[in-house]
Amino acid sequence: MAQPDFWNNSDKAQQIVQQLKSMKVVIEPLKKAVQACDDLSELAEMLDDDPSAETEVLNELSQLEHAVEQLELQSLLNGPLDNCGAILSVHAREGGLDANDWAEMLIGMYASWAQKNGYNAELVDRCDNEGAGITQATIIVRGPFAYGFLRGEEGIHRLVRISPYNAEGKRQTSFAAVDVSPEVEDSVEVEIEEKDVREDVYRASGAGGQHVNKTSSAIRLTHVPTGIVVQCQNDRSQHKNRAQAWKMLRARLARIEEEKREAEIAAKHQNKSVTGFGSQIRNYFLHPDQRVKDSRTGFQMGSFHAVLGGDIQGFLESFLKHRMVSSTEE
């Protein structure tokens, strides 16, 4: 990074900067924990001469235990793609306008989590629904171990509330699907035959001024063998949207290969994988009481609005621990 020509290639430079951040996330807490352990040993030696130091020793011990717990949690982010950025898409499912509104709430929840934890969240695609909310939206979350933390969010999220779109004020259950793929670098091998990909060009929709109504800049790619469809309309440049769409397609196919490896491991142990798109993973209740509960781990929080405001770290960490326990049992 000290080389004078380091920033000549901006994309490569950003990748190296991200690698450095990821290394520091692991190394610096580890160095602090080792130093804290040495300090604690010295404090413990003082107890024979100064019993009043016991309170300070216990406080230092508690802090060290917490630091070690965080390091143990971090060690669970050991997948080959865990340190990649996360391409996260939310799709409205059953529930009519409530489902569209729910999908928009969820994409906002993940954007808020990213902001609170120092990650960057870039909106690359959004399809608004005419009545309310969205039909689907995609963001890319970049930061240390973004995919490792967010991969467990893949699945069906269920909301139960009094519908604001029901004149009779009845309770409504609505669903949204979350799909998470790693943002793989160009150096990662993902085989895609161009003949297997159909490209459609169309006019962008949503906010963006007069441009969106006049220029066919949005790109949709369909991978015929798998049926995977990705689209990008965030940029005014068709070229940039095409490049981003190809990156998203590579990410989806990389995720499929990862799922195959997980399935092979699960089959070897005669146990089904703890992940999988299409499973209902979490329930969010606004009626009759406020709570959010993960159906896989049992972890729950009593503040619906705090969770929707981005306070989901507890759910992310509990799933990482859940995966570790499941792997150990297998």
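Some notes on this structure:
- Segment residue 30-residue 287, extension gain: residue separation times 0.36 nm, minus the distance between their alpha carbons: 88.2 nm
- Assigned charges on the beta-carbon of Lys, Arg, Asp, Glu; the chain dipole about Cα centre (debye): 2000
- Placing unit charges on the Cβ atoms only, positive for Lys and Arg and negative for Asp and Glu, gives the range 6-75 a dipole magnitude near 1020 debye about its Cα centre.
- Evaluating 6.51 cos²θ - 1.76 cosθ + 1.60 at θ = phi - 60° for every residue in the range 23-35, the Karplus couplings come out as 5, 5, 4, 8, 6, 5, x, 5, 4, 5, 5, 5, 5 Hz, glycine and proline recorded as x.
- According to the Kirkwood relation over distinct C-alpha pairs, the hydrodynamic radius of the chain is 22.3 Å.
- Exposure proxy order (Cβ contacts within 10 Å, fewest to most) of 46, 248: 46, 248
- Counting 0.36 nm for each residue step from residue 195 to residue 8 and taking away their Cα separation leaves a gain of 63.9 nm.
- Farthest toward positive dipole pole in the chain [+1 Lys/Arg, -1 Asp/Glu at C-beta], among 316, 167, 73: 167
- ³J(HN,Hα) computed for each position of the range 92-107 - Karplus, 6.51 cos²θ - 1.76 cosθ + 1.60, integer Hz, glycine/proline x: 5, 10, 5, x, x, 4, 4, 5, 5, 5, 5, 4, 5, 4, 5, 5
- Computed over the chain with a Gaussian network model linking Cα atoms closer than 10 Å, the most mobile of 235, 125, 82 is 235.
- Of 100, 117, 59, the residue with the greatest mean-square motion in the GNM of the chain, using alpha carbon springs below 10 Å, is 59.
- Order of 202, 284, 165 under a 10 Å beta carbon neighbour criterion, fewest first: 202, 165, 284
- Per-residue Cβ neighbour rank within 10 angstrom, fewest leading, 201, 25: 201, 25
- Exceeding the 20 Å Cα-Cα cut-off - candidates 24/240; 12/247; 21/240; 293/321: 24/240; 21/240
- GNM top mover of 44, 121, 137 - the chain, alpha-carbon springs below 10 Å: 44
Where a number appears in this text, it was derived from the coordinates with a stated rule and is not lab data. The shown structure was predicted, so the numbers you read here are calculated from the model rather than taken from an experiment. Please note: Cβ atoms are built from the backbone with ideal geometry, for glycine as well, and neighbour counts cover all protein chains shown.
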